[in-house]
Amino acid sequence: MTTTVTTTTGATTMTTEGHFGADSPTEDLTGVPGRGAWNGSEDTSVYPTMVFEGPQPEVRQRRRIPARLLIMAWVALLMAAVLILVNVVTWSALTTRNAERVDGALTQEIGEFQEFAAIGVDPGTGEPFTDVSTLVRVHLERQYPDEAEILFGWVEGTTTAGGGAGGAPGGAETPAGRIRQGQEPPFDLSADPEAVTAILEDPNARGTADTPAGPVQWEKIRVLAPGAEGAPGWFVIGYFTEADEDTVTSTMQTIALVSLIGLLVASTAAWWVAGRILAPVRLIRQTAAYITEEDLTRRIDVSGRDDIAALAEQFNSMLDRLEGAFTSQRRFVDDAGHELRTPITIVRGHLELMGDDPEERREVVRLVTDELDRMARIVEDLLLLAKSQQPDFLRPEEVSLAELTSDIDAKVRRLGDRDWRLESVAEGVSRLDPQRVTQAVVQLAANAVRHTAPGSTLRVGSTLSGSDVLFWVTDEGPGIPAEEHGRIFERFSRGGGAARGDRGAGLGLAIVRAIAETHHGRVDLRSAPGAGSTFTLVIPTTAGKEHV
């Protein structure tokens, strides 16, 4: 176990680490009333921290279900629900149609018999019927029942009928029992006494009976002899429904098989389509897995114009921003390390060689202080460049250009003994950050002072040009070669000024360019060796609104 003790005194932070046991002074001091873990001044506090060494436990990752599988499952579930609904509706429609067909067949046969009996005349002889048996037999001879239908009559008891159409001649007795004509049905229901008895004794006019040929739906009607002198009887029609039910079952099996095949095909298609749609998402995940702080160059190939393509574009944009942020961070660290190494070396060398002579010590202190001041300026400039990438770097506001130009002119005149001239003052109002613009123009003026001799003429001014506002500084210095016009705006680039003993860090023009670019503007340079230089800060009048 390692205990870390952090001591904070004013603005100085000191961290010490060590192994403390049961005899540690820290353990004894913690019990002192009114004091902390350290019996020091009131501005000093010590915070013991427990650090456990050893391998960290692995964090269990949640088991994830692939989105492709979820999409396929939902499509299959929806498809299955629809197919089930289709099967149920189809089965209901088929069974309803069968029921209606059976009902229509029964009603039609009963209606035809009622019409025939109401006429009561034998079509063959033209004479009226005198008994039930003849009426039923003649009617059945004229019928052509369906294969699933059975028509029969049943006469109760025996009668003695006189001569006449359809009657037993000579007053013969009319036999009791069944009367059936037509083709052979699936099962001769009239030949089964038990079945006939059950049908005739049923109080309902319609019903269902079970037979070896399957269920049969029947309907009966009571038939009375003409003149109420003969034995009554029954006219019965039956309809075997097993064939229709088999047809419905076969149809439903076919539909179910087709539905199952369709469900499998739809699920396979959903799996394939989901894979095609989610391919960019998988590519994003794989790209994100390979991205590290050292390698942010991977990008996703975007194709199409759908939402997934938009997601890939946004992901690439995010990577661009991350790469820019990490590049800026590494650049800051590299630049700081490179520029601070020299003054640190100088300070260390002087301190190591410093003797006991007071004069020598004063000189070393002066040199060290000068180098530390330069280090502080470098750090401030680097921090400013790093902050220029932040959205709150600018604080734009409506500014009077005339007042801003006058303020800048008053400030630059204190930079050195030069012949300062204000050439032009812009009139109007622009939205920009006055402090950053002032900082940029003052930096340009400071560069001009460093590269010119006392008494030289330096010109500053501002003007409106179209939709831009221009601030410039013109000097009579040695000028800048054309091949260095772009390079001098890079960090730590001093151009020809290094030859004149310039001790600047080479960050001034980089800061000016950063301020201009954050205003969505630019810095123009017009210079030639021996002809002086003119630096112009060009800022759009709507820069502040665009930045916000």
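The values are calculated or read from the model by the stated rules, or taken from the named source; none is laboratory data. Quick caveat: nothing in here was measured; it's all calculated off a predicted structure. Cβ placement follows ideal geometry from the backbone for every residue including glycine, while neighbour counts extend to all protein chains displayed. To get the accessible areas, we keep the full protein, side chains included, count just its heavy atoms, and leave off ligands, DNA and RNA. Shrake-Rupley method; radii C 1.70, N 1.55, O 1.52, S 1.80 Å.
Below are the figures for this structure:
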| item | result |
| --- | --- |
| Accessible area (Å², per residue) of the range 92-156, counting only protein heavy atoms and a probe of 1.4 Å | 50 |
| Surrounding net charge for Val442, when Lys and Arg each add one and Asp and Glu each subtract one, Cβ distance under 12 Å | +2 |
| Difference of contour (0.36 nm per residue) and Cα-Cα distance, Asn87 to Glu352 | 85.8 nm |
| Cα shape, the range 213-327, gyration tensor, a/c 1.5 rule | prolate |
| Formal net charge of residues neighbouring Val425 (Cβ-Cβ distance under 10 Å; K, R +1; D, E -1) | -4 |
| Gyration tensor verdict on the range 302-365 (Cα atoms; rounded if a/c is under 1.5, prolate if a/b is larger than b/c, oblate otherwise) | prolate |
| Stretchable slack from Glu398 to Ala325, in nm (0.36 nm times residue separation minus alpha-carbon distance) | 23.3 nm |
| Karplus (6.51, -1.76, 1.60) ³J(HN,Hα), θ = phi - 60°, over the range 265-275, in Hz, Gly and Pro reported as x | 5, 5, 5, 5, 5, 5, 4, 5, 5, 4, x |
| Volume of the Cα convex hull of the range 374-418, divided per residue and given in Å³ | 104 |
| The range 381-460: C-alpha gyration tensor shape, a/c 1.5 cut-off, then a/b vs b/c | oblate |
| Under the Karplus curve 6.51 cos²θ - 1.76 cosθ + 1.60, θ = phi - 60°, whole-Hz ³J(HN,Hα) for the range 137-153, x wherever Gly or Pro sits | 5, 5, 5, 5, 5, 9, 9, 10, x, 6, 4, 8, 9, 9, 10, 7, x |
| Translational D in µm²/s for the range 259-394 (Stokes-Einstein at 37 °C, 0.692 mPa s, Kirkwood Rh from C-alpha pairs) | 162 |
| Kirkwood Rh in Å, taken over all unlike Cα pairs in the range 90-162 | 14.4 |
| Surface share of carbon and sulfur [accessible, 1.4 angstrom probe, percent] for the range 263-303 | 60 |
| Whole-Hz ³J(HN,Hα) from phi, Karplus 6.51 cos²θ - 1.76 cosθ + 1.60, for the range 394-400, glycine and proline x | 9, 10, x, 7, 6, 10, 7 |
| For Leu432, residues with placed amide H under 5 Å, excluding near neighbours | Glu397, Val399 |
| Cut-off under 5 Å, modelled amide H: who pairs with Val425 long-range | Ser462 |
| Quarter of the Cα convex hull surface for the range 200-245, i.e. its orientation-mean projected area (nm²) | 4.0 |
| Efficiency of FRET between Val302 and Ala256 - r from beta-carbon atoms, R0 51 angstrom, step 0.05 | 0.70 |
| Residues of the range 288-425: accessible area per residue with a 1.4 Å probe, Å² | 68 |
| Full-extension gain in nm, Asn98 to Thr542, via 0.36 nm per residue minus C-alpha separation | 151.8 nm |
| Per-bin percent of Cα-Cα distances, the range 322-476 [5 Å] | 2, 8, 13, 13, 12, 14, 13, 11, 7, 4, 2, 1, 0, 0 |
| Net +/- balance of residues flanking Gly455 in space, Cβ distance below 12 Å, scoring K and R +1, D and E -1 | -2 |
